[in-house]
Amino acid sequence: MLITLGQWHLQRVHNIKSVKPMGQIYFWDRDKTIAVRILNNGLGPLIIDQIMFCKSDNIYSSIVDCVDLPARSFMHDSSDDPVERVILPNSYLTVFETKFDDYEGETELNHTRNQLRPITLKVEGRDIYDNKIMLERDFKWFARYMPDNNL
């Protein structure tokens, strides 16, 4: 009986680990595209409970409230939508994305980078066993190549 319980416990631990999501906040800044994505590099689905944007000690549910950019100039997702978000393994959820035309130069790109720089993204999620998953990353990465006078 003891061996059976031990085997059952090992099997349960293995099952939980075999469907564990591994979330990551990923930035894209090349080919005239700037994007922020939540990736799931794990083996199980990542269920998103809340997406928060922090700027100057304020918390927002949408990135639209954090940037001084025309809302129609970028694709965005917010946590105002009551639909449950699930990121499947090896998939991503795009939180912010904008593409620049060929005639737009570094000035427009740097303006967008400067708008993103003071923001921090916080994501609360869980796996299918209701284990909590927290992700957090600041957007200072976007200012890495900007001239000092734009900071």
(Q) In Å², and per residue, what accessible area does segment 84-134 have when probed at 1.4 Å with the other protein chains present? (A) 58 Å²
Q) Please state the equivalent ellipsoid semi-axes for segment 92-151: what are the square roots of 5 times the Cα gyration tensor eigenvalues, largest first, in whole Å? A) 31, 15, 6
Q: Using a 10 angstrom cutoff on alpha carbons, build the Gaussian network for the chain and name the most mobile of 117, 30, 126.
A: 30
(Q) Beyond a 21 Å Cα-Cα separation, which of these cross-linked pairs lie in this structure: 20/122; 32/140; 20/132; 17/132; 55/132? (A) 55/132
Q. Hey, what angle do you get for helix 106-116 against the long axis of the chain, alpha-carbon based, 0 to 90 degrees rounded to 10?
A. 50 degrees
Q: List every residue whose amide H lies under 5 Å from the amide H of residue 85, counting only residues 5 or more places away in sequence or on a different chain, with H placed 1.01 Å from N in the peptide plane.
A: 48
Q: Quote the convex hull volume per residue of segment 66-118, based on C-alpha atoms, as a whole number of Å³.
A: 123 Å³
Q.
Tell me the angle of helix 2-18 to the major Cα principal axis of the chain, expressed in degrees between 0 and 90 and rounded to the nearest ten.
A. 20 degrees
Q: Quote to one decimal, in nm, the extra length available between residue 4 and residue 33 on full extension: 0.36 nm per residue of separation minus the C-alpha distance between them.
A: 4.9 nm
Q. Per the Debye formula with a single identical scatterer at each Cα and no solvent contribution, what log10 I(q)/I(0) holds for the chain at q = 0.08, 0.09, 0.15 Å⁻¹?
A. -0.30, -0.36, -0.80
Q | Computed helical MRE - 222 nm, the chain, DSSP H runs ≥ 4 contributing -39500 (n - 2.57), nearest 500 | A | -6000 deg cm²/dmol
Q | Coil-residue chymotrypsin sites (Phe, Trp or Tyr not before Pro) of segment 47-151, DSSP, other Cβ within 10 Å capped at 16 | A | 100, 103, 129, 145
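The values are calculated or read from the model by the stated rules, or taken from the named source; none is laboratory data. As the structure is a computational prediction, the values presented were derived from the model and not from experiment. Every residue, glycine among them, receives a Cβ derived from its backbone with ideal geometry; neighbour counts consider all protein chains shown. Each accessible area value is taken on the protein alone, full model and side chains, heavy atoms only, with ligands, DNA and RNA left out. Shrake-Rupley method; radii C 1.70, N 1.55, O 1.52, S 1.80 Å.
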